[in-house]
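The values are calculated or read from the model by the stated rules, or taken from the named source; none is laboratory data. Not measured: the values here are computed from a predicted model. Methodologically, a virtual Cβ is constructed for each residue, glycine included, from the backbone with ideal geometry; neighbour enumeration extends over all protein chains shown. Calculation scope for accessible area: heavy atoms of the full protein, side chains included, ligands and nucleic acids excluded. Shrake-Rupley method; radii C 1.70, N 1.55, O 1.52, S 1.80 Å.
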Amino acid sequence: MLIRFLAPALLAALSACGGGQTGDAADQYDVIIRGGVVYDGSGAPGVPADVAIDGDRIAAVGDLGEATAQSVIDAEGRAVTPGFINMLSWAVEDLIEDGRSLADIHQGVTLEVFGEGVSYGPWSDEIKAAAKDRQGDIQYDIEWTTLGEYLEYLEDKGVSPNVASFVGATTLRAYEIGYDNRAASPEEIERMQAHVRDAMREGAMGVGSSLIYAPANFASTEELIALNKAAAEYGGMYISHIRSESHGLLEAVDELIQIAREAGVPAEIYHLKASGQANWDKLDQVIEKVETARAEGLRITADMYSYPASSTGLDAAMPLWVQEGGYEKWAARLQEPENRARVAEAINNPSDEFVSGITNAGGPEGVLLVGFKNPELRKYIGRTLADVAEERGKPFAETAMDLVIEDGSRVQVVYFSMSEDNIAKKVALPWVSFGSDGGSKAPEGVFLNQSTHPRGYGNFARVYAKYVRDEGVISMEEAVRKMTSLPAGNLGVKDRGMLAPGYFADVVVFDPQTIQDKATFAEPHQLAVGVDHVFVNGVHTLRDGTHTGATAGRVVRGPGWEGREANAE
C-alpha cells in the first residue's frame, strides 16, 4: 500500500498492523472518507488522507487510491478525527428517554462516561425506591441492580453513543451506611470494597466520588483509600469532584494526590476549577501541585468544561449538617425556625468551615434557576435567585430554603463563579481533557420542560470554535488529542481514541471553519453546528448534519472486566 502524507503516529500504527491494505482498484470497503485532513488523535498535525471503515473497525488510513466502497464521503475541507470522549456525562436518564443523544452526537461525542459519585448500580431496594421517587419528567422502570446490568440495559435498549461508568463512592456509602454522618465500620468498608471488586469485574473504570455533597462528604480520606485499593487490584483509576473547589481547594487537591499515592491508582480531578473570585488566583498553585505529583511519577490528570459557570443544586448553597439523612430530613429541618436561622447565618457569613455556592457566585444575582420538579415553580426558570427573592418578598437565603421545600428536590441552578482567564489557562494544560458535566438532551419533548446549562449542548464544539479557531489558545491537533487519545489512555480503554487500523470506527467529520456552539444560558436548548458526519462502531449515526436514528452504541468496559480475555480470544 502506498502511504503518503502520514503523521508518525499513523505510520507506526500501520506498521504494527502489517502495513494495512493496498490502495488499488481491487480494494473494497464499507466506507471511505476521502480527501479530509486527518487528525489521528496522537497530537500530531493533521495530514491529507483517506479513512476506510470495514464493519466496526478502521481498515486503512492513507492514500487509498482507486479503492472503492459501498459508501464514499467527500471530506474535502473537513477535519477527520476519532470520536470525542465525554469524561463527565450525566446522560444517565436522558439516554433512557431518548437514546439518540442528539446534543452530544451533534458535537462528535461517541463515548459517554458516567459515575460522578453516584452510579446507576449497585442499587439496593432502598436506593431503587428513592430513585423511583426522585423521577421527574423522565419516567422509567428500574430493570437492573448492578452497574454492569444498567450499562447493558442501555445497550439493549439502543443508544447512539458508547457508554461507560465509574462505580460511585456515594452509591456504595448509601448502599451500606445510608445517609448518616458517621465513619464506616471495618465491616462496612469490607462490604464496600466487595462492591468495588464486583463493579470492576463488570467493567467499571474505577471509583468516582463527589465530595462536596452529603453523604459523600461524610467519607474520610482513609475510606476512599480503601475503596481505591480494591479498584487498584483491577487496574482501575480514581476520579473525583474534590472536597472543595473554593476556600479549601488546595487541601482538596492534596487529598486527591494522597489517595492516588496510597492506593496506587491514577487519579483525575473532575471539572477542574477555582470557584469564587477570592479563589481564582489559587489555580496556579493547583497546577503546581499536580505537575509536582506528575513529576514524582503519579498519574494525576483533570478534566474541565469550557464555561465560566457551574451547575448543580441549592444543596451546594447550604451547610452539610442540614442535609444529613437525605432529602426528606433536609426539607424537614428547613421548616424549623432555629435551623432556618442557622442556615441563613451560614449562607450570609462565610467561614473557614463553610462557604456557600451563592457567595462564590458573587451573591444571588449570580445564581440562575434552571430546573424544578414542581410544575408550579417552573415560572421561575431562567430567572436569578435575587429576582425571585424580591418577587416573593423574602431574603434570598430564606427563598433558597423555601424553594427546596416546595420543589421536593434540591432545585437545579447555575452558579456564575469562575474566571474566563482561568478557563483559557486550563484549556492549554496538556493533562486536561473535557467533560460536559451535563446530560445529552434533545431540543424537543420532555427536555423542554426544564432549562439547563449550555455545556450539555456546546462544551466540545465551544473548544474548537472559541479556543482553537477564534482565540488560538491551543492547536487543532492538541484539541483533538485532549478529546480522544488522552482520555482513552487515562481510562485504560483499548482500541479507541485514535484513527488507526484495527481501532473501533468511532469517527467524526467536521468543518473547522463553521463548528460552533449555539446554546446560551438564556436559550440552552440549541444543537451545535458544523459537525457533518459521526460514525459509532462503524455505523453512520450523523449524516450531513442529520441524525440517522442509528443506535449502535456499546458498553465500553474498563481494565478489570472479566470478559476481556475471552473477548480478545
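Some points to look at:
- Residue within segment 357-368 that is touching a helix residue (DSSP H, G or I) at 6+ places or on another chain (Cβ under 6 Å), over 29 Å from residue 522 (Cα atoms) and either modelled with pLDDT under 95 or surrounded by fewer than 19 Cβ atoms within 10 Å (Cβ to Cβ) (or both) present: no
- Pairing each residue of segment 444-461 that is closer than 19 Å to residue 427 by Cα and among the aliphatic types (A, V, I, L, M) with any residue that is assigned to a loop (DSSP other than H, G, I, E, B) and open to solvent by less than 30 Å² (accessible area, probe 1.4 Å), provided the two are 6+ apart or on different chains, yields C-beta distances under 7 Å for 461/107; 461/515; 461/517; 461/528; 461/530.
- Residue count for segment 95-108, restricted to those that are acidic (Asp, Glu) and open to solvent by 10 Å² or more (accessible area, probe 1.4 Å): 2.
- Boolean, residue 145 is crowded, with 18+ Cβ neighbours inside 10 Å, modelled with pLDDT of 95 or more and not hydrophobic (A, V, I, L, M, F, W, C): no
- Residue 151 vs. criteria surrounded by 24 or more Cβ atoms within 10 Å (Cβ to Cβ), part of a strand (DSSP E or B) and under 17 Å from the mean Cα position of the chain (by Cα): no
- Within segment 167-211, the set of residues being surrounded by fewer than 24 Cβ atoms within 10 Å (Cβ to Cβ) and assigned to a strand (DSSP E or B) comprises 210 only.
- Within segment 337-353, residues that are free of Cβ contacts under 8 Å to residues at least 24 places away in the same chain have Cβ atoms under 7 Å from residues that are not acidic (Asp, Glu) in these pairs: 339/322; 339/333, counting only partners at least 6 apart in sequence or on another chain.
- Selection status of residue 268, touching a Ser or Thr at 6+ places or on another chain (Cβ under 7 Å), of a type outside the set (S, T, N, Q) and buried (at least 23 other Cβ atoms within 10 Å of the Cβ): yes
- Scanning segment 154-166 for residues that are in contact (Cβ under 8 Å) with a residue 60 or more places away in the chain and open to solvent by 20 Å² or more (accessible area, probe 1.4 Å), we see that the one that is nearest to residue 97 (Cα to Cα) is 157.
- When segment 372-414 is filtered for residues that are open to solvent by 10 Å² or more (accessible area, probe 1.4 Å), in contact (Cβ under 8 Å) with a residue 12 or more places away in the chain and not in a helix (DSSP H, G or I), the ones remaining, listed by number, are 373, 374, 381, 382, 383, 384, 395, 408, 409, 410, 412.
- Counted residues, segment 76-106 - those being closer than 19 Å to residue 498 by Cβ and either polar (S, T, N, Q) or out of contact with any strand residue (DSSP E or B) (no Cβ under 8 Å at 6 or more places or on another chain) (or both): 2
- Close pairs from segment 126-152: first under 17 Å from residue 174 (Cβ atoms) and touching a residue at least 40 places away in the same chain (Cβ under 8 Å), partner among the β-branched types (Val, Ile, Thr) and assigned to a helix (DSSP H, G or I), Cβ under 8 Å, at least 6 apart: 127/171
- For beta carbons closer than 7 Å, sequence separation of 6+ or different chains, a first residue in segment 527-540 that is under 14 Å from residue 31 (Cβ atoms) and a second that is open to solvent by less than 20 Å² (accessible area, probe 1.4 Å) and of a type in the set (Ser, Thr, Tyr), the qualifying pairs are 534/110; 534/541; 535/541; 536/110; 536/160.
- Only a single criterion out of (1) open to solvent by less than 10 Å² (accessible area, probe 1.4 Å); (2) in contact with a helix residue (DSSP H, G or I) (Cβ under 7 Å, 6 or more places away or on another chain) is not satisfied by residue 118, namely (1).
- Condition met for residue 19 (at pLDDT 95 or above and surrounded by fewer than 18 Cβ atoms within 10 Å (Cβ to Cβ)): no
- Wholly within segment 459-557, strands (runs of 3 or more DSSP E) carrying at least 1 residues that are open to solvent by 50 Å² or more (accessible area, probe 1.4 Å) and of a type in the set (A, V, I, L, M, F, W, C): 539-543
- Segment 220-244 - residue that is open to solvent by 10 Å² or more (accessible area, probe 1.4 Å), out of contact with any Pro (no Cβ under 9 Å at 6 or more places or on another chain) and small (Gly, Ala, Ser) and, of those, farthest from residue 409 (Cα to Cα): 232
- Of all residues in segment 272-292 being of a type in the set (Gly, Ala, Ser) and open to solvent by less than 80 Å² (accessible area, probe 1.4 Å), the one that is nearest to residue 428 (Cα to Cα): 274
- Taken over segment 299-352, the criterion of being crowded, with 17+ Cβ neighbours inside 10 Å, part of a helix (DSSP H, G or I) and touching a Lys or Arg at 6+ places or on another chain (Cβ under 6 Å) is satisfied by 314, 315, 322.
- Single residue of segment 429-458 satisfying the filter (open to solvent by less than 50 Å² (accessible area, probe 1.4 Å) and among the hydrophobic types (A, V, I, L, M, F, W, C)) that is farthest from residue 388 (Cα to Cα): 431
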